[in-house]
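The structure under discussion appears below in the form of structure tokens.
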Amino acid sequence: MINTNLCGKIKLFPLFMALCTSANAVILYSGDNSANQSAPDAARTAIYNAVARVTNATGTSSNGTAVHIRGKYILTANHVGGIAYFLLNGSIYQRDPSFTPVSFGSVDMKLIKLIKDPGLPEIELYTGTRDIRYWQGGWQYATGTLIGWGRGRDPSDPSGPTWNWGDDSTIAKRWGTNRIEDTESMNYSLGGTNYTYQGLQTKLGSNNGANEAAVSYYDSGSGLFIEDSGTWKLAGLATLVQAGGSSIFSFATNNSINYENYFVRIRSYASQIEAAIPDLSVYSEWLIDHSLYNSDAEDTADTDYDGVTQLLEFALGGDPNQAEQNLLPVEQITEISGNRYLEITFNRPQNISGITYSARTTPDLDSWPNNSNGVNPPIVSANGDGTESVTFRRTLALEDADEAYMRVDVSY
């Protein structure tokens, strides 16, 4: 049973959990299982590609659906289990088993980390107020695009608008549309876990065209997206369908069956989701993002054996899991007004925090000073790719020195 609060009244009704051992899909009012299996248009290509199948190492099984947010991070329903791999935009990505999924209190939602970044565009989270009906000379509604993996209708069904769910042979990634009706205060128990959160509600109406969509078996974790100022954003994450076994496209008034689908309302938890995704400008969170834990996360560790320690990898914009010796600073001699000067140059990421870069110079290798005396202020130029080039130059020309050496110190 589920307790929801709608228009100030408590309602009790049976529901079906689209959960763990199944992935979920979209059933269309048209009943056409072959329809809507590619992005509906160029504007929605990114959100279509961001929806993943929770699967096995070969991409042939289904345990749920998920939505890639950005980088290595992906959202799904908390009750979805068996999470080891994701089929995302045609490729298989493994979950990072060392990263404990982030849950959000009693919300049926969790954040998973992948080992490898799929390199897809970031999907923005919707934080506005027009994901539910609003008054503007009459009630206005947002129309969401629902994208999910899983079962379609039973091919033996002769006609609609009631579509029985098919078996695993009907599983595919599909999109559809549905009007978001209102919010729901969700409250239910599953597998010994009590869930309470702010949700969104859609109803299955038979008057909204062939693309009118319902979630079905295997649909927990699928995404409901709405357009906001020209950008499609994630507004809901599917968790529940009200009636199991079939999708009935009808605005029924029966108090026990309203043929509704339910979603986590992303707006209510967007700040928590953002806070759970590691900030790559912070060293400690950068370590987590690169799957560096325990001894591998020590400043002096070198997991890719390229001679560049973890702290230097962070400071110089390297990848600690891929050997890159060309990250290290380079010395050179430059001529100015007939005099030659020793310089040291390196690249660093822009907008990282907590790192101090300082240059040292000495006429011999036996004594290095603890300050930057003898070095001009750095020359900094942006590279246009999120990094900048930094050059330190000695103040004394080489003509006035028998020997000269430079180095860069990095501290955190």
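Each reported figure results from applying straightforward, stated rules to the coordinates on display, with no laboratory input. This structure is a prediction, so every number in the text was calculated from the model and none was measured. Positions of Cβ are generated from backbone atoms using ideal geometry, with glycine treated the same way; all protein chains shown enter the neighbour counts.
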Task: Semi-axis lengths, Å, region 329-411, gyration tensor of Cα atoms, sqrt of 5 times eigenvalues - done: 24, 16, 9
Open item on the list: Pairs of alpha-carbon atoms within less than 8 angstrom and 6+ residues apart define the contacts here; what relative contact order does the chain have, in percent?
Closed with: 15 percent
Open item on the list: I need Ile248, Ile112 ordered by Cβ neighbour count within 10 Å, fewest first.
Closed with: Ile248, Ile112
Task: Structure-derived percent of Cα pairs over 36 Å apart - corresponding label in [x] 17; [y] 33; [z] 39 - done: [z]
- [ ] Within 10 Å of each residue's Cβ, count the other Cβ atoms and sort Trp286, Trp165, Trp149, Trp368 from fewest upward.
- [x] Trp368, Trp286, Trp165, Trp149
- [ ] Going by C-beta contacts inside 10 Å, put Val80, Val375 in order with the fewest on the left.
- [x] Val375, Val80
Task: Nearest-0.05 FRET efficiency for Asp299 and Ile333, computed from C-beta distance (R0 25 Å) - done: 0.20
Task: Residue-averaged [θ]222 nm for the chain, counting only DSSP H segments that reach four residues, each worth -39500 (n - 2.57) - done: -1500 deg cm²/dmol
